Amino acid sequence: MSCGAAIVFAVGGIFMKLSVGLSQPFYTIVIFILCGLGIVLQTLVIDRTDLGSGYILVLGLEAIASVFFSIYLFNENFSFTNMVGLATIAMGVVLLRR
C-alpha cells in the first residue's frame, strides 16, 4: 500500500507539471483527484505502521518514482549529485523497512 500511495502521488506530480501552474483545468482536476486518493492510501499505511516510518516511507518512495518519471517522461537532467541523493533516499527507505 505504501508503494501504491507513492505512485499515486508521483503520478499527481506528472499532472502538476502538465497543468502548467494549474492553468489547464483537466490536469488540475486530475491533480486533486490523485492527491485525494494518495492521502487516503497514505492514511491507511500510517494506520498500520508508526507515523514517522510510514509517512517517510511513502515520501521516499514518491521521491524515487518522481525522479524516474521526470527523467523518462520529461527528459530532465540527472546528475551524479542527483544519483547520490536518490541512492541516499533509497537506503533510507530500506532502513525504515527493517
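Of the residues making up segment 1-52, those that are within 16 Å of Ala63 (Cβ to Cβ) and of a type in the set (S, T, N, Q) number 2.
What do you reckon, is Ile29 surrounded by fewer than 17 Cβ atoms within 10 Å (Cβ to Cβ), of a type in the set (A, V, I, L, M) and farther than 17 Å from Leu95 by Cα? Yes; evaluated as a whole, the condition is true for this residue.
For Phe15, state whether it is surrounded by 13 or more Cβ atoms within 10 Å (Cβ to Cβ), more than 10 Å from the chain's Cα centre (by Cα) and among the aromatic types (Phe, Trp, Tyr). Against the criterion (surrounded by 13 or more Cβ atoms within 10 Å (Cβ to Cβ), more than 10 Å from the chain's Cα centre (by Cα) and among the aromatic types (Phe, Trp, Tyr)), Phe15 qualifies.
Condition check ((1) among the hydroxyl-bearing types (Ser, Thr, Tyr); (2) part of a helix (DSSP H, G or I); (3) in contact with a helix residue (DSSP H, G or I) (Cβ under 8 Å, 6 or more places away or on another chain)) across all residues:
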{"site": "Asp47", "(1), (2), (3)": "no, yes, no"}
{"site": "Gly60", "(1), (2), (3)": "no, yes, yes"}
{"site": "Phe69", "(1), (2), (3)": "no, yes, yes"}
{"site": "Asn82", "(1), (2), (3)": "no, yes, yes"}
{"site": "Thr88", "(1), (2), (3)": "yes, yes, no"}
{"site": "Met91", "(1), (2), (3)": "no, yes, no"}
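Here Val40 does not qualify as over 15 Å from the mean Cα position of the chain (by Cα) and surrounded by fewer than 17 Cβ atoms within 10 Å (Cβ to Cβ).
Where a number appears in this text, it was derived from the coordinates with a stated rule and is not lab data. Note that the structure is predicted; figures quoted are calculated from it, not measured. Using ideal geometry, Cβ is built from the backbone for each residue, glycine included, and neighbour counts are taken over all protein chains shown.
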